[in-house]
1. Scan the stretch 178-199 residue by residue and report those that are assigned to a strand (DSSP E or B), basic (Lys, Arg) and farther than 30 Å from residue 242 by Cβ.
2. State all residues of the stretch 220-236 that are exposed (fewer than 13 other Cβ atoms within 10 Å of the Cβ) and not small (Gly, Ala, Ser); if no residue qualifies, say none.
3. Considering the stretch 173-190 alone, what residues qualify as being within 30 Å of residue 221 (Cα to Cα) and over 16 Å from the mean Cα position of the chain (by Cα)?
4. Based on this model, can you work out whether residue 203 counts as outside any strand (DSSP E or B) and out of contact with any strand residue (DSSP E or B) (no Cβ under 6 Å at 6 or more places or on another chain)?
5. Which of (1) surrounded by 15 or more Cβ atoms within 10 Å (Cβ to Cβ); (2) closer than 30 Å to residue 157 by Cβ does residue 191 not meet, given it meets every other one?
6. Within the stretch 270-287, track down each residue that is outside any loop (DSSP other than H, G, I, E, B) and over 15 Å from residue 302 (Cβ atoms).
7. Could you run through the stretch 134-147 and say how many residues are part of a strand (DSSP E or B) and under 26 Å from residue 223 (Cα atoms)?
8. Those residues that are part of a strand (DSSP E or B), surrounded by 13 or more Cβ atoms within 10 Å (Cβ to Cβ) and touching a Gly at 6+ places or on another chain (Cβ under 8 Å), I need them from the stretch 148-177; list them, please.
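The values are calculated or read from the model by the stated rules, or taken from the named source; none is laboratory data. Since we're looking at a predicted model, the values are computed, not measured. All Cβ positions, glycine included, derive from the backbone under ideal geometry; neighbour counts span all protein chains shown.
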Amino acid sequence: MNRATQFILCFNLALVTTSPVLRACGSESLPLPLQADVKVDSTGIFLNQLLTPSLHATLPIIRLAPAPPWGQTISLSRQQLHDLIKEADPELNLTNWSGPELVKIGRRVRQLCEADVTEMIRAALQRDYVGAGGKLEIHFTRPWTPLAVPDEEISLQLTELPPAGVLPNLVAGFELWCGKERVGTWQAPLQARVWREIPVAHAPILRGQLLSQADITLERRDVLSQHETCIEFPVTDSLLEASGGIPAGAPVFSRMTRARPVMRRGQLVEAVFQDGPMMISLKVEALEDGTLGQTVRVRNPKTNRELYGKIQNQDLISIAL
């Protein structure tokens, strides 16, 4: 019977008797083959990882030591392995190793590409700065060189941003973390856009035209450089009108609108003076446009005296004595 067959039989016997494999075979003459180069994750160094892959499923999972810090490697001799195993499980007595005298142990590595980093930065900026203001889109202005990182879950934390927040062109500082380990710190020049649907004049809107009757549609626009507030859409205020002409294709900003005046300049209306039970009314001329509840200037056409009154409706002003 060759050595390989003996080794397999030994493991099968251990499984049948439900005894750990290494307890069944540790004292036999069959060698346990070590690997020269082992890659682990941040959870630690485990006994089954040190031997050839064909044995991983049959060996007990015993943690021997913490994983090396990111970017570093450690080397363990056979004697050091023996000491770590005895410390982890005093019942195990493993000395019959084969393979290299030293096992080099490092961290599992993967490449972090530009698309991965872009999405992590975008998600952090969206969450911390843009919020519900629209959908953020970013691009690197210089190519990102693929980066070696731990082959585990990576998180990103923003460390630096312009005081004004997200701008069309900005430099973002960030750190990459693997659990509690900082992988590194970087700065990235970015171009940014924030997309949102806003009300846009589909056809020209004339001065004084009611917006509820205007041809307005929602269009997806980059609003990052837009510092003005648009009107609420759809328009529900039946008295909201354009304060000036709005060309087709232009966003409809709140500053371009006003409440339609119920009283026009030059209009003759009734003014009511009331002082307790005494009430006097006369005709006055409105000297400016006004909306419901607004205080406007009026003039008594007989005396040319100017007064101030509060608009009650399109034909009535109340003047306090």
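1. 182
2. 220, 227, 228, 229, 232, 234, 236
3. Across the stretch 173-190, the qualifying residues are 187, 188, 189.
4. Taking the combined requirement at face value, the residue satisfies it.
5. With respect to (1) surrounded by 15 or more Cβ atoms within 10 Å (Cβ to Cβ); (2) closer than 30 Å to residue 157 by Cβ, residue 191 is out only on (1).
6. Result: 272, 274, 275, 278, 279, 286.
7. 6
8. 158, 175, 176
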